């Protein structure tokens, strides 16, 4: 198997420059089924995420998406450009849920390169991104930093 | 006594309130969870997380893994989910996470469990009837190896509404 043929050629460690901001192609309308599937599969018992009848009498008047879905979906929308050639996810920080994502809302994602550093291993480097999520009304509802170990083209580009 | 089951029923309440979160209190969370390969693959594809480690076993093996790697965001949301009944179900919105570290890869078949300690709390000035609580949550695999830890902050409802 030639693994370099299975992933993109423009998202190796060498391709990330501090200050670059990407608008990721593709938004995603997060279906009620997806919200509830992720909420329930991950054992989240908070019924405001899955009891439509209850939430009709609460301030938003409808089910509220689980913040873990907003985070996962936004990073997912960014993944082809910022994780496709990743060896390992290292961590996240300063994750902020700034507004709700309701069932059926649409999410778009942007990413900024904050920092690039050498890793202990020679075949990869560490990139720190800041991700931003906006909804269908262009309202900024999510942001957070993510640190990833990404392959160097010099070592992996022809493997 | 009423014949109607609804009139005879008592609600079995779930969750905790602000007053229950004394700093330093430790929660060993319920259930645990074995991650399965189909869930990890579905989670990665539904969230468009296109890193083949999470859905191509042959690709993952070339990179030194025994097979498909569980998506770290599934590990995060599952460890988070296991904490919800104890920490935030009684509550209010999830505000943020700081200092999240993935310590080890998780593979389908691994069983996760979670525990948390209350770090900090204060009554909210801007949200009447709520406090702000921060917990440090740690997730472990079946070998008691720490696979993830993070600090989470939520609005949490007060039991005794202060006016």
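Computed over the Cα atoms, what is the radius of gyration of the protein assembly as shown divided by 2.2 N^0.38 Å, N being its residue count?
Expressed relative to 2.2 N^0.38 Å, the Cα Rg reads 1.04.
Just want to confirm a number: the relative contact order over segment A:3-156, from Cα pairs under 8 angstrom separated by 6+ residues, in percent.
Computed over segment A:3-156, the figure is 30 percent.
If you line up the long axis of helix A:32-41 against the longest principal axis of chain A, both from Cα atoms, how many degrees apart are they, to the nearest 10?
For A:32-41 against chain A, the angle is about 80 degrees.
Starting from the Cα gyration tensor of segment B:37-162, take the square roots of the eigenvalues, sort them a ≥ b ≥ c, and report rounded, prolate or oblate (rounded when a/c is under 1.5, otherwise prolate if a/b is larger than b/c, else oblate).
prolate
Specify whether the C-alpha gyration tensor of segment A:24-66 places it in the rounded, prolate or oblate class, a ≥ b ≥ c being the square roots of the eigenvalues: rounded for a/c under 1.5, otherwise prolate if a/b is larger than b/c and oblate if not. Before the final figure, lay out the partial values.
On the way: a/c = 2.83, a/b = 1.45, b/c = 1.95.
It comes out oblate by the Cα gyration axes.
Pick from A:62, A:146, A:128: which residue has the top mean-square fluctuation in a GNM of chain A where Cα pairs under 10 Å get a spring?
Of A:62, A:146, A:128, the most mobile in the Gaussian network model is A:62.
Any number yet on Rg/Rh for segment A:3-156, C-alpha, Kirkwood?
Answer for segment A:3-156: 1.04.
Quick check: pseudo-label points 7 Å beyond the Cα along Cα→Cβ at residue B:160 and residue B:123, how many nm apart are they?
1.0 nm
Once you've got the GNM for chain B with C-alpha springs shorter than 10 Å, pick whichever of B:28, B:151, B:14 has the biggest mean-square fluctuation.
B:14
Helix B:37-46 versus the longest principal axis of chain B: what angle, 0 to 90°, nearest 10, using Cα atoms?
Here the helix axis deviates by roughly 80 degrees.
Which whole-number percentage describes the relative contact order of segment A:1-77, with Cα contacts under 8 Å and a sequence gap of 6 or more? Present the calculation step by step, with values, prior to reporting the outcome.
Numbers: 32 pairs, mean separation 19.7, N = 77.
Computed value for segment A:1-77: 26 percent relative contact order.
For chain B, set up a Gaussian network in which alpha carbons nearer than 10 Å are linked by springs, and say which option among B:123, B:75, B:12 fluctuates the most.
Per the Cα network of chain B with a 10 Å cutoff, B:12 tops the list.
Note the angle between two axes, namely the Cα long axis of helix B:72-87 and the longest principal axis of the Cα atoms of chain B, as a number of degrees from 0 to 90, rounded to the nearest 10.
Once rounded, the angle reads 20 degrees.
Got the relative contact order for chain B handy, in percent, Cα pairs under 8 Å and 6 or more residues apart?
28 percent
Could you please state, rounded to a whole Å, how far the C-alpha centre of segment A:24-43 is from the C-alpha centre of segment B:59-134?
Each part reduced to its Cα centre gives a spacing of 17 Å.
Only residues of segment B:56-76 count here: report those whose backbone N is under 20 Å from the spot 7 Å along Cα→Cβ of residue B:37, or say none.
Backbone N within reach: B:56-75.
Run the helix sum for chain A: -39,500 (n - 2.57) per DSSP H stretch of 4+ residues, divided by residue count, reported at 222 nm to the nearest 500 deg cm²/dmol. Display every interim value, and only then the final one.
Numbers: 4 runs with 34 residues, N = 159.
One gets -6000 deg cm²/dmol as the mean residue ellipticity at 222 nm.
No value in this document is a laboratory result; all are computed from the given coordinates. Quantities reported herein were computed from a predicted structural model and do not represent experimental measurements. FYI the Cβ positions are ideal-geometry reconstructions off the backbone, even for glycines, and counts take in every protein chain you see.
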